[in-house]
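What follows is calculated from the coordinates using simple rules that are stated; it is not laboratory data. None of the values given here were measured: they were computed from a predicted structure. Because the Cβ atoms are built from the backbone with ideal geometry, glycine has one as well, and the counts that use them run over all protein chains shown.
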Amino acid sequence: MSQLTQKELSYLSDFLQMEQEEVKKFSEAAGQLQNEQARAVLNGIAAMHQGHFETLKRHLNTQTLS
């Protein structure tokens, strides 16, 4: 895999932060709901963003360790 530029690494870092904020936002919203179905949907969205976060972090770590 070719090395990413500093600008690309910066974008990855920004996206990592955005995904982390999305996880927090959807998790907090889910915690405030009484409706189990709605809570499950928001927790599912939070889990999807957590997956994105982990993928981005893996890519970022791979590039910074190379």
Mind checking the full-extension length gain between ALA38 and GLN17? Use 0.36 nm per residue of separation minus the Cα-Cα distance, one decimal, nm.
-> 5.0 nm
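Summing Lys, Arg as +1 and Asp, Glu as -1, what charge do residues with Cβ under 11 Å from the Cβ of PHE53 carry, PHE53 excluded?
Net of charged neighbours comes to -1.
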Rounded if a/c under 1.5, otherwise prolate or oblate - the chain, Cα gyration tensor axes = prolate
Relative contact order (%) - the chain, alpha-carbon pairs under 8 angstrom, separation at least six | 43 percent
Treating the angle as unsigned and between 0 and 90°, give the value, to the nearest 10°, between the Cα long axis of helix 36-65 and the longest Cα principal axis of the chain.
-> 10 degrees
For the pair SER27 and SER10, how long in nm is the line joining their label points, each one 7 Å along Cα→Cβ?
-> 2.9 nm
Helix 6-31 versus the longest principal axis of the chain: what is the Cα-based angle in degrees, 0 to 90, to the nearest 10?
-> 10 degrees
Student exercise, the chain dipole from Lys, Arg, Asp, Glu Cβ charges, in Debye to nearest 20 = 100 debye
